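The block underneath contains the structure these notes are about, expressed in structure tokens.
The values are calculated or read from the model by the stated rules, or taken from the named source; none is laboratory data. If you're wondering where the values come from, they're calculated on a predicted model, not measured in any experiment. All Cβ positions, even for glycine, are placed from backbone atoms using ideal geometry, and neighbour counts span all protein chains on display.
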Amino acid sequence: MNKTGNWKEHFNVDKDLEVKNIRSYFKCSKCGSKTKAPQKTKRLENKLCKNCFGKKRDNRKNQLNELTGSQWATLSKSVMEYSGTRPEKQKIHGAAFPLSFVEHHISTYSKRGETIFDPFLGVGTVSEAAEKLGRKSIGIELNPEFVKLAKKDIKNLKNHKIICDDVRNSKKHIKDNSVDLIITSPPYATLLRTIKGNFAYKWREHSDLNVIKNPPPYSSEKKDFGNLTYEEFMDEITGVFKDNYEILKDNCYSVWVVKDYRDLKNKVPYVNFHSDIIKAAQLSGFLLWDIRIYDQTKYRPLVVLGYPSRNYYLNMGHSYILIFKKHIVSKLKRKKT
């Protein structure tokens, strides 16, 4: 190409693109400000500045919740921390999840007026969050003392049923296809009995950890899930999942918070609890939809485990938030695919 040659022809520049890159100046027909816009654009055609033109609004109906697009994205992180101080009732229970955790998942997987169910209600954190966010709730709890604590913080017990009964009887109290979301954390079979005494007490010389007492067993009832052997627990929890599946509406979610642990007393270095819970849910018809890591490292002091032997153990500073779905594909969609 010589010095006087046309570089645009040499590089085969698209003439339409060239025209589009030319900007015209004009006064905004809405606010009167001076602005400019590229050729062949709607903004130029309507004589609107960037602020008045704005972004195209998404008018699609939100079928799941009441979140905006930005809120939807913010709450979708796969690793989350949940802050908040524990009220006295949660300290009595010993293993209750924070209110902020429940609010997050209720906001994500339901709308106002819908019904949230916790089959292992404990001291009622799910009911409390549901009332705060304008949902209804149902909770079942075996321990009558926990039931009393759960009812204390609820203003409208008509919209928030708290039932003192065995979760195995849940279908006696709740109709099939009547619940919009399940949130729970099951009693861990024998977990509270496998960790002896004050956790990590003998390693205090290696740590800044203050002596922390483990929460006591939830009850002395033989039928309490927390008092079953691991094998008994998994058999029984599969039955709970089957009942939950029938109680839950189609295409709705079930959120379970679980934590793996060690049973060193019985020489089991790692109990893969969350994987067994997934299997139980899948056997009952649920589809594993997501797993979120609940990061608790900020609130759990590091402990020297196994030192100075050849058994090196990690500090378990997280729980698993398992998100299942009662996934039903409509006949119409099946025909299309």
- Task: Might you check whether a residue that is assigned to a helix (DSSP H, G or I) and assigned by TED's automatic domain parsing to the domain that holds I328 occurs anywhere in region 267-274?
- Result: yes
- Query: With Y307, Y294, Y253 as the choices, which residue is out of contact with any Cys (no Cβ under 6 Å at 6 or more places or on another chain), outside any helix (DSSP H, G or I) and surrounded by fewer than 17 Cβ atoms within 10 Å (Cβ to Cβ)?
  - Reply: Y307
- Consider only pairs whose beta carbons are under 9 Å apart and that are at least six residues apart or on different chains; among these, list those whose first residue lies in region 292-312 and is more than 30 Å from L75 (Cβ to Cβ) and assigned by TED's automatic domain parsing to the domain that holds W256 and whose second residue is at pLDDT below 90 and polar (S, T, N, Q). V303/S207; V304/S207
- Query: In region 124-159, which residues are in a strand (DSSP E or B) and within 20 Å of E221 (Cα to Cα)?
  - Reply: G139, I140, E141
